[in-house]
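Following: one structure in structure tokens, then a few remarks.
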Amino acid sequence: MSITSRKSLLLTVTGTLALSIIASLVWWNTNIFGKDTLCQGRVKTPDLAAALDTKGRISSDSTQGGPGYASFRCTVERTSKFIGAPSIEAEIKTSTNEADAQFQTHVWKNPSSMSFFSRGATGAVSEKRGWVMLPSSCQKKVGLISLGSTTLPRENEVNFVEAVVRTGHAAREELAQLLVNVARKVADSAGCLTEELDAEFTLQDPQASIKTDQANACGITGFSLPKTALVPEKATLGQETVSGSVNHSWACDMHFGGNSDSQATFSMSTDPNVISGVKQGLTDFQELPGKAGYSDQNSRLLLKCEAGEVYFGMKWDREYLRLMLDQGRDDISSRMRTLFQAFLDAAAKQHRCPSVILPTEQERSEG
């Protein structure tokens with residue numbers, strides 16, 4: 001073989017190798033020649049690419065719920081090779097829960113860390129999870145898929161499209177858009193799509209964490225923490241974070257100072273979907289005197305206010321509950337009621353609600 005032929009062969013091999021390396025980099029780190037949709041057509045790949053805030057190729061590991069079936073459960077991931085970008089894995093699914101689960105469940109921690117929708121669909125997102133509520137007309141048509149079977153919501157539950165980012169982080173605005181698009185797709189396939197899911201949405205980001213003001217906790221004028229809510233050295237005035245709008249959906253996470261590492265969450269909502277969803281579970285509530293509204297064991301309340309019904313809620317974590325139990329098991333209900341009453345007295349004024357007194361355990365049992 002001549003020197004010229006050898007050089008030509010070397011250049012060909014080198015060029016082929018270079019093209020192979022470039023093709024591999026493109027394949028593993030972009031979505032060129034990839035699918036336009038994932039999760040059996042429910043999720044657009046560009047939406048996922050925008051929401052999963054990293055570089056790499058997007059794929060779907062598994063999907064439960066076939067084409068044309070409204071309920072589904074799908075795992076997606078974005079991975080890369082050779083460029084060092086972090087991997088992201090997320091689960092997107094239809095789910096069922098109570099309408100105020102974002103405020104009350106211990107699974108969805110720190111609601112004030114989420115950006116609530118202030119118009120358009122009902123929902124909220126963070127870098128780690130997000131949800132959009134489906135229209136009430138979807139209740140008997142969409143459910144939660146688990147272990148291969150579908151469970152429809154109970155009478156006091158509603159439907160959500162939910163995303164949980166297991167590893168990595170998502171971009172909030174883009175995750176919100178993805179969830180709205182998926183919710184629209186699900187509702188359309190179930191025959192329960194409404195104009196609300198077609199409307200533009202707006203997010204309200206959380207405020208910076210600040211020190212709790214004893215006289216105006218959570219930024220609410222006149223919300224003063226009762227003495228029974230604090231415990232020297234264990235639960236003192238600490239930091240708080242607020243998200244949302246008092247004129248839509250709002251949450252405040254109060255992180256107490258001291259060595260208990262405890263927390264209480266306060267919430268409000270005028271969102272019609274949250275209100276109507278909570279009202280589906282009124283069998284768990286008790287009507288207040290004067291037909292002013294309904295209460296549920298000193299943690300949830302619906303009040304009939306000047307501009308309409310308003311939801312008020314309070315939740316405490318296990319550490320705070322344990323601390324309150326340590327102060328006396330016999331009066332824990334009174335302590336919790338006193339704290340919720342303090343919040344309610346101040347927060348209700350912002351919506352021009354009637355003044356109400358939360359019933360005691362005895363009054364509740366007699367009612």
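Every residue, every condition in (1) polar (S, T, N, Q); (2) closer than 28 Å to Trp316 by Cα, yes or no:
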site	(1), (2)
Phe117	no, yes
Lys128	no, yes
Gln139	yes, no
Leu147	no, no
Leu152	no, no
Glu157	no, yes
Arg166	no, yes
Ala171	no, no
Ala187	no, no
* Asked: Within the range 268-319, which residues are in contact with a Cys (Cβ under 7 Å, 6 or more places away or on another chain) and of a type in the set (Val, Ile, Thr)?
  -> Val310
* Asked: Do we have any residue at all in the range 122-143 that's more than 18 Å from Ser276 (Cβ to Cβ) and in a helix (DSSP H, G or I)?
  -> no
* **Boolean, Asp296 is at pLDDT below 95 and under 20 Å from the mean Cα position of the chain (by Cα)** => no
* With respect to Glu309, is the statement that it is at pLDDT 90 or above and on the phi < 0 side of the Ramachandran plot true? -> yes
* Asked: Within the set of pairs 6+ apart or on separate chains, which have a first residue in the range 217-236 that is among the β-branched types (Val, Ile, Thr), a second that is assigned to a strand (DSSP E or B), and C-beta atoms under 7 Å apart?
  -> Thr236/Phe256; Thr236/Gly257
* Qualifying residues in the range 320-332 (those that are among the hydrophobic types (A, V, I, L, M, F, W, C) and without any contact (Cβ under 8 Å) to a residue 60 or more places away in the chain) - the one surrounded by the most Cβ atoms within 10 Å (Cβ to Cβ) -> Met324
* Examine the range 309-317 for a residue that is under 23 Å from Val107 (Cα atoms) and either assigned by TED's automatic domain parsing to the domain that holds Thr96 or hydroxyl-bearing (Ser, Thr, Tyr) (or both), and state whether such a residue exists. => yes
* Matching entry among Ala199, Ala235, Ala229, Ala208 (being surrounded by fewer than 17 Cβ atoms within 10 Å (Cβ to Cβ), modelled with pLDDT under 95, farther than 30 Å from Thr94 by Cα and hydrophobic (A, V, I, L, M, F, W, C)) -> Ala208
* **Boolean, Ser269 is closer than 21 Å to Pro354 by Cβ, buried (at least 23 other Cβ atoms within 10 Å of the Cβ) and within 21 Å of the chain's Cα centre (by Cα)** => yes
* To do: Go through Gly238, Gly222 for me and flag whichever is of a type in the set (Gly, Ala, Ser), assigned by TED's automatic domain parsing to the domain that holds Glu319 and part of a strand (DSSP E or B).
  => Gly238
* With Thr202, Thr194 as the choices, which residue is within 17 Å of Ala70 (Cβ to Cβ) and in contact with a Ser or Thr (Cβ under 8 Å, 6 or more places away or on another chain)? -> Thr194
* To do: Taking only the range 293-319 into account, find how many residues are touching a residue at least 60 places away in the same chain (Cβ under 8 Å) and in contact with a strand residue (DSSP E or B) (Cβ under 6 Å, 6 or more places away or on another chain).
  => 8
* Would you pick out the residues in the range 242-262 that are outside any loop (DSSP other than H, G, I, E, B) and surrounded by fewer than 20 Cβ atoms within 10 Å (Cβ to Cβ)? -> His255, Gly257
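The values are calculated or read from the model by the stated rules, or taken from the named source; none is laboratory data. Because the structure is a prediction, the values reported are computed rather than measured. Neighbour counts run over all protein chains shown; Cβ positions are idealised from the backbone, glycine included.
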